[in-house]
């Protein structure tokens with residue numbers, strides 16, 4: 001499975017990649033901005049996008065909207081990654097169309113299972 005990991009924090013990307021590559025045979029593409037994510041998504045056609053909410057320039061919500069405009073990823077599951085954990089915020093992300101939310105800081109040891117659990121849940125788009 002091809003995963004696009006979008007986060008402006010190099011350390012978070014490194015920890016996430018280590019956790020996912022240790023557990024799963026997934027090909028991880030990294031993007032450090034919303035704009036880079038849009039460019040990669042249009043050419044790489046990822047099977048899953050992990051998207052940081054708080055990025056300079058184009059935030060997660062704006063990036064999400066632009067990604068949904070691309071034919072290559074309009075139906076691709078997107079999981080937000082955020083430190084904003086208020087229940088109403090998490091619910092608003094799901095209403096927007098996010099497949100799920102991973103709360104930062106996450107545990108790299110359980111990250112792969114957390115993603116698999118989110119993808120296994122019934123989803124009504």
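Just so you know, all these numbers are worked out from the coordinates, no wet-lab data involved. Here the structure is a predicted model, which is why all the values come from computation and not from measurement. Glycine also receives a Cβ, built like all others from the backbone with ideal geometry; neighbour counts cover every protein chain displayed.
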May I ask you to derive the FRET efficiency for residue 14 and residue 110 from their Cβ-Cβ distance with R0 = 22 Å, giving the value to the nearest 0.05? 0.85
Alpha-carbon centroid distance for the pair segment 78-110 / segment 1-53, whole angstrom: 15 Å
I'm spelling it out carefully: the read-out is P(r) over Cα pairs in 5 Å bins from 0, in percent, the candidates are (i) 2, 12, 24, 27, 22, 12, 2; (ii) 2, 13, 24, 25, 19, 11, 5, 2, 0, 0; (iii) 2, 11, 16, 15, 13, 10, 8, 8, 7, 5, 3, 2, 1, 0, and one was derived from this structure. Which label? (i)
Sum of -39500 (n - 2.57) over DSSP H runs of 4+, divided by residues of the chain (222 nm, nearest 500): -13000 deg cm²/dmol
